[in-house]
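Please read the structure below before turning to the comments.
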Amino acid sequence: MATTIEPTASDAAAKRTFKATLRVVDPSPLNWLFITWNTMEEPIRTDHDGRAVYSMATGHRYSNGGKTIEMDVRKGNLFQNGEPCTAHHIKLAFDEMQRWEAPHPPGTWLNFPPESFAEVINDYTIHFHLPEPDGLALAKMRGFHVPSKSFWTDGPGFG
């Protein structure tokens with residue numbers, strides 16, 4: 001149920017310009033997880049029972065003896081700024097993640113080998129090429145976050 005609040009004379013006070021900044025620091029070591037989980041998407045997520053489920057992806061297949069993961073990207077999803085989510089966004093996030101020596105604070109087991117790379121086949125198909133078969137590859141995809149392109153080009157990125 002929506003509620004409408006009529007403006008009052010005190011609303012003028014709320015429009016004042018302030019000359020200070022209030023900084024809130026969350027001391028939780030998991031704070032970064034809560035931010036990324038609630039503002040970004042992943043190809044794979046986990047359900048409440050801990051099982052891998054598709055999120056940005058709708059399906060996957062292994063080829064090349066298990067060294068290539070062919071992933072279908074969900075059509076029709078949009079980022080908060082209206083950009084459509086595509087394989088290009090997933091590749092950009094993967095490439096950025098691969099630049100880091102240790103992109104996952106919970107553990108390096110989430111890292112893809114440095115020789116791994118992503119290839120966009122079309123807007124809704126991406127291939128992940130791995131140096132060898134990796135039984136944890138889908139779980140690792142739960143660990144990399146995909147923001148809109150403007151996050152990297154206009155925003156802070158991840159450093």
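The values are calculated or read from the model by the stated rules, or taken from the named source; none is laboratory data. Model, not experiment: these values are computed from the prediction. No Cβ is skipped: glycine too gets one built from the backbone with ideal geometry, and neighbour counts run over all protein chains shown.
Before moving on, here are some points about what is shown:
Residues are listed down the side, and each one gets a yes or a no for (1) among the small types (G, A, S); (2) in contact with a Phe, Trp or Tyr (Cβ under 7 Å, 6 or more places away or on another chain):
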site	(1), (2)
G50	yes, no
M56	no, no
K75	no, yes
W100	no, no
L110	no, no
E119	no, no
N122	no, no
D134	no, no
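- Residue match in the stretch 134-141 (condition: of a type outside the set (S, T, N, Q) and under 13 Å from the mean Cα position of the chain (by Cα)): yes
- Of the residues contained in the stretch 58-72, none is found to be under 14 Å from the mean Cα position of the chain (by Cα), crowded, with 18+ Cβ neighbours inside 10 Å and β-branched (V, I, T).
For every residue, the table says whether it meets (1) in contact (Cβ under 8 Å) with a residue 40 or more places away in the chain; (2) loosely packed, with under 14 Cβ neighbours inside 10 Å; (3) small (G, A, S).
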| site | (1), (2), (3) |
| --- | --- |
| I90 | yes, no, no |
| D95 | no, yes, no |
| E101 | no, yes, no |
| F112 | no, no, no |
| G143 | yes, no, yes |
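- Looking only at the stretch 114-141, and only at residues there that are among the polar types (S, T, N, Q) and surrounded by fewer than 17 Cβ atoms within 10 Å (Cβ to Cβ), the one that is nearest to S55 (Cα to Cα): T125
- Within the stretch 42-51, the residues that satisfy the criterion of being in a strand (DSSP E or B) and crowded, with 16+ Cβ neighbours inside 10 Å are I44, R45.
- In the stretch 145-159, residue modelled with the lowest pLDDT [restricted to those that are farther than 13 Å from D95 by Cβ and loosely packed, with under 15 Cβ neighbours inside 10 Å]: G159
- Number of residues in the stretch 73-87 that are surrounded by 18 or more Cβ atoms within 10 Å (Cβ to Cβ) and modelled with pLDDT of 90 or more: the value is 4.
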